[in-house]
Amino acid sequence: MSKKIITTVGTSIFSNYQDKDKAVRTYPEVSKDYESITTQYKRLENLLASERNNSTYAADIHHTKECITYLWLPFAKEKACAELQTLFAIAQDEKKDIEVILLATDTVLSVVACELIKEWLRENPVIEIKQDNGNVNSIRITKCTFNDNLSATDTTIVKGLQITDPQMFADQGFNNLLIIIKSHIEKGNTALNISGGYKAIIPYVTLFAQLEEIPLKYIYENSDQLITVGNLPFSFDFSYFTDEYLAIEMINPKKEKQNLPSISDFIENLSSADEFKNLKDAFLIIEEDGKVDLSLLGAMLYNKYEESEKENGFNSYSLLGKIMEVKVYEYFQKQFPKGKIVLGQPVGKSVEDHAYDLDVFVEIDEEIWGIEVKPQNVDVLIRDDMSTKKKKETIEYKCEIGAFGSAIACFKEKKLHLLVIMYHHKEPNKFQIENFKSLNKKYNYIRWLWLKPKPNYKGNVNWSVDLSKFKEFNFQTFQWDNFSIKNHQN
């Protein structure tokens, strides 16, 4: 299998040729027929990619391509530009065939550079590497992809990625770049060649590569040394998205600009006004025209957070959820030493013929306690715009069809206590309260408890649940009361 090398392409193939003194000094053959492209370059440098086939610029593009094709590439070869030099170094380092995907910025010059590089690789598909024993190892460029059709869904021209309009860069360019890169990723078989293209994207692409676990490769300055940035030994803290999920959902990357919240509306959805400054200090949000939006960094992290939430695999958040279930299980074990306490009790059957689970199940004499232990950002009510999977994760679904609904059907002869225990070190949000009040009108048996551990509970599991950490919402007074098991026993 060929190694995929996603390559951002800039204009070094032109600038290297334009530095005539250095070009002639390095490759004397260039001096004989050297023709300048400076005038043509200046006329083309600020044009968007959509102008590539504009007849007004056809002569300038033709002259530029002719000079590079016949007066530069035959002599400089893989040293003609940063992109080719790095590709050859990667091939030598990988010692295997490579497949190249060329990504152009939204400029005529980058598109033309991609055309030149693709054509040269087509005519020079074999890289010969001399081994220590004197043998020559041949590595092939098995495929080179560059799709210059701007209207195609699989175009490799990054629309909006230009520097004349900073707003377009921020709103479209960078996000389009990440979308295109992601569409070409094969896990474990992809690297990013970032020697070419805008230097402004490097910090963000570096972070993106860490999130996606893709190595970055580039040639350091004017040396021949290939630098590889692998996966660094750290993980990302998505706590801002879980802690402030109500506010963050107002500005998720799918939101249209006109639908973004005002600063006051955004702050109203935060757990406290202080969190607005914290989010800004973390460079996750920006203010613009009186509205709040995710920054480029914030959008990147949000997309990864959302992706991790959708995955079925075990992650740090599901691990924390399991730990909290165990903490609650241990608490009820102490309260009912003679009872039957089960962690993850199957109950009833779904339409797919599998049992629903109660996170914690307690049976003592004629009483059943069915407990769901959930993080503070769990969706309480079903919404029309939710996927089927998301709907099944809501508390309302558990009441209607899931574990709670099944428990009512299965244990008709028992006294049932059905509890939702939500956990977080901050106080409940007013919107959560309103949602539970709505839920209680439909399912008045539901009880809602809030478990408030210490602020560092995510990184320190050496603690236990006690009564002081609980409070229960009173659906008659709409106040929080102290929780007591004895008050609810026969």
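The values are calculated or read from the model by the stated rules, or taken from the named source; none is laboratory data. No experiment lies behind these values; they were computed from the predicted model shown. Neighbour counts run over all protein chains shown; Cβ positions are idealised from the backbone, glycine included.
Note on region 1-21: among residues that are more than 30 Å from I180 (Cβ to Cβ) and exposed (fewer than 13 other Cβ atoms within 10 Å of the Cβ), the one that is nearest to the chain's Cα centre (by Cα) is D19.
When restricted to residues that are of a type in the set (S, T, N, Q) and part of a helix (DSSP H, G or I), region 19-56 contains 8. Does region 67-78 include one or more residues that are within 12 Å of I13 (Cα to Cα) and under 35 Å from the mean Cα position of the chain (by Cα)? Looking through region 67-78, at least one residue is within 12 Å of I13 (Cα to Cα) and under 35 Å from the mean Cα position of the chain (by Cα).
Just one of the numbered conditions (1) surrounded by 13 or more Cβ atoms within 10 Å (Cβ to Cβ); (2) farther than 15 Å from T7 by Cβ; (3) among the aliphatic types (A, V, I, L, M) is not true of L216: (2).
The set of residues in region 281-292 that are at pLDDT 85 or above, of a type outside the set (V, I, T) and under 23 Å from E307 (Cα atoms) contains only L284. Pick from W120, W72: which is surrounded by 15 or more Cβ atoms within 10 Å (Cβ to Cβ), out of contact with any Leu (no Cβ under 8 Å at 6 or more places or on another chain) and modelled with pLDDT of 95 or more? Among W120, W72, only W72 is surrounded by 15 or more Cβ atoms within 10 Å (Cβ to Cβ), out of contact with any Leu (no Cβ under 8 Å at 6 or more places or on another chain) and modelled with pLDDT of 95 or more. Looking for something farther than 19 Å from N303 by Cα and part of a helix (DSSP H, G or I) - is there at least one such residue anywhere in region 199-217? Taking every residue of region 199-217 in turn, at least one turns out to be farther than 19 Å from N303 by Cα and part of a helix (DSSP H, G or I). When D33 is tested against (1) surrounded by fewer than 12 Cβ atoms within 10 Å (Cβ to Cβ); (2) closer than 20 Å to D106 by Cα; (3) among the charged types (D, E, K, R), only condition (2) is not met.
Here Y423 qualifies as within 30 Å of E268 (Cα to Cα), surrounded by 15 or more Cβ atoms within 10 Å (Cβ to Cβ) and touching a helix residue (DSSP H, G or I) at 6+ places or on another chain (Cβ under 6 Å). Annotation: of all residues in region 93-143 being touching a residue at least 60 places away in the same chain (Cβ under 8 Å) and polar (S, T, N, Q), the one that is nearest to A49 (Cα to Cα) is T107. Residue count for region 141-155 satisfying the condition of being assigned to a loop (DSSP other than H, G, I, E, B), touching a Ser or Thr at 6+ places or on another chain (Cβ under 6 Å) and among the β-branched types (V, I, T): 0. Taken as a whole, the condition of being among the aromatic types (F, W, Y) and free of Cβ contacts under 8 Å to residues at least 12 places away in the same chain does not apply to Y198. Just wondering, is there one or more residues in region 81-91 that are within 35 Å of the chain's Cα centre (by Cα), over 13 Å from T7 (Cα atoms), of a type in the set (D, E) and in the same structural domain as K20 (by the TED database)? Among the residues of region 81-91, not one is within 35 Å of the chain's Cα centre (by Cα), over 13 Å from T7 (Cα atoms), of a type in the set (D, E) and in the same structural domain as K20 (by the TED database), which makes the answer no.
When region 5-18 is filtered for residues that are touching a residue at least 12 places away in the same chain (Cβ under 8 Å) and either outside any loop (DSSP other than H, G, I, E, B) or touching a Pro at 6+ places or on another chain (Cβ under 7 Å) (or both), the ones remaining, listed by number, are I5, I6, T7, T8, V9, S12, I13, F14, N16, Y17, Q18.
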